[in-house]
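The values are calculated or read from the model by the stated rules, or taken from the named source; none is laboratory data. From a predicted model like this one, the values you see are computed outputs, not experimental measurements. With ideal geometry, Cβ positions are generated from the backbone for all residues, glycine too; neighbour counts draw on all protein chains shown. Heavy atoms of the whole protein, side chains included, go into the accessibility calculation; ligands, DNA and RNA do not. Shrake-Rupley method; radii C 1.70, N 1.55, O 1.52, S 1.80 Å.
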Amino acid sequence: MSVDIDTIRRAPKVLLHDHLDGGLRPQTVIDLAGDVGYGELPTKNPDDLARWFTRGADRGSLEAYLEGFVHTIAVMQTLEALRRTAVECAHDLADDGVVYAEVRFAPELHTQMGLSLDQVVEAVLDGFRAGSQGRDITIGTLVTAMRTAARSYEIAELAVRWRDAGVVGFDIAGAEAGYPPTRHLDAFHLVQRENSHVTIHAGESFGLRSIWEAVQFCGAERLGHGVRIVDDIDTTTDPPTLGKLAAFIRDRRIPLEMCPTSNVHTRAAPSLAEHPLDLLRKLRFRVTVSTDNRLMSGVTLSSELAAVSEAFDFAIDEIRWLTINAMKSAFWPFDKRLALIDDVIKPGYAALGAT
């Protein structure tokens, strides 16, 4: 029943959770390090560097997973570097068959060499436009604030300021434990007042309270990862019994941006086979599959979907279901979402044998 990766590469795919600074090409990291005189890379061999990043990410906690970003962020401090990484991101996603993607990044991390926040956003948006030109991909940008810092309101203002140029929403990221989303209520309320969109990293390395605060206080329309919602589901009963929070998430159709390989690397899930994705799918949660950090976790969206297909015996119909879920959940205008579903996604999967 499982679908091979070559078939999945041909399928039109939708990606909702992908970090720009976690998806650089290894050779690009090396090149940019040379451009800015950064001498802290562990190796200048691109294959060895790719393996180094993935080994470093697979150490059992979100905090350890995030350590590799010191190097990618260090080399993304110029307009040229930001534009190049955005161009290459668009190319790599399009080459993998992604037809719509929302790529996120934290502008406040890219001002170490004097760039303003607006310059950072403009360079990335310009790179996405250039990289998408002539290719069958649309990219929306998510502007992320760091939950461990105190600039979230300023970043929310940035998201609103650039919304008509390609920024489709606002996010917070970083270590969850000890940094609840409610510390950033003013930022979330600004975005909501301006009729923009909110997704929040929640329920990855911390539990149900993080999810509850993200949804009930901060107005999250989607949950970045959301893996720990399984803690509110009693699987000893038949059928499984949903707690009040889990039922609310399902009833409201709040999408879960699940990133299986990354979730295993951070031990949000003990293994791919034990990842709650299939349970949540069977319970009809709005499940989606994403990459999180393609460089750090050594994945593409095609490889993630192939791994999920093999682990849970998903046929092409299940891959189609996940893809349509993601497109329904995108922060792109409704009519454009519908056009991609009807004119691109459904015909693409029909050609691959989906019913």
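Table for the structure above
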{"item": "Net charge over other residues, Cβ less than 12 angstrom from the Cβ of Arg222 (K, R count +1; D, E count -1)", "result": "+1"}
{"item": "Two-site FRET efficiency, Arg135 against Lys328, from Cβ-Cβ distance with R₀ of 25 Å, rounded to 0.05", "result": "0.60"}
{"item": "Thr111-Ser271 pseudo-label distance in nm [points 7 Å out on the Cα-to-Cβ vector]", "result": "4.6 nm"}
{"item": "Relative contact order (%) - criterion: Cα under 8 Å, at least six apart; region: the chain", "result": "21 percent"}
{"item": "Inter-label distance, nm, simple model (7 Å from Cα along the C-beta direction), Glu80/Thr235", "result": "5.1 nm"}
{"item": "Helix-only mean residue ellipticity at 222 nm for the chain, each DSSP H run of n ≥ 4 adding -39500 (n - 2.57), per residue, nearest 500", "result": "-13000 deg cm²/dmol"}
{"item": "√(5λ) per eigenvalue of the Cα gyration tensor, segment 248-346, largest first, Å", "result": "22, 15, 14"}
{"item": "Whichever aspartates and glutamates have a C-alpha closer than 17 Å to that of Lys336, once near sequence neighbours (fewer than 8 apart) are set aside", "result": "Glu102, Asp136, Asp164"}
{"item": "Computed lengthening from Ala64 to Asp48, 0.36 nm per intervening residue step minus Cα-Cα distance", "result": "3.8 nm"}
{"item": "Coil-residue trypsin sites (Lys or Arg not before Pro) of segment 282-355, DSSP, other Cβ within 10 Å capped at 11", "result": "Arg284"}
{"item": "Solvent exposure ordering (accessible area, 1.4 Å, most first) of Ser2, Ser132", "result": "Ser2, Ser132"}
{"item": "Contour excess over end-to-end distance, with Cα ends at Gln192 and Ala177 and 0.36 nm allotted per residue", "result": "2.9 nm"}
{"item": "Cα-centre dipole for segment 56-95 with unit charges at Cβ (Lys and Arg positive, Asp and Glu negative), debye to 20", "result": "120 debye"}
{"item": "Gain upon complete extension [Asp343, Arg10; 0.36 nm per residue less C-alpha separation]", "result": "118.3 nm"}
{"item": "Residues Lys336 and Glu40, FRET efficiency given R0 of 35 Å [Cβ-Cβ distance, rounded to 0.05]", "result": "0.25"}
{"item": "Point-charge dipole on Cβ atoms (K/R +1, D/E -1) for the chain, about Cα centre, debye to 20", "result": "640 debye"}
{"item": "Surface share of carbon and sulfur [accessible, 1.4 angstrom probe, percent] for segment 243-355", "result": "52 percent"}
{"item": "Apportionment of accessible area to carbon and sulfur, segment 104-148, percent (1.4 Å)", "result": "41 percent"}
{"item": "Which label in (1) 32, 62, 7; (2) 28, 55, 18, 0; (3) 30, 57, 12, 0 gives the computed P(r) over Cα pairs in 20 Å bins from 0, in percent", "result": "(1)"}
{"item": "Whole-number percent relative contact order across segment 132-174, with pairs defined as alpha carbons under 8 Å at least 6 apart", "result": "47 percent"}
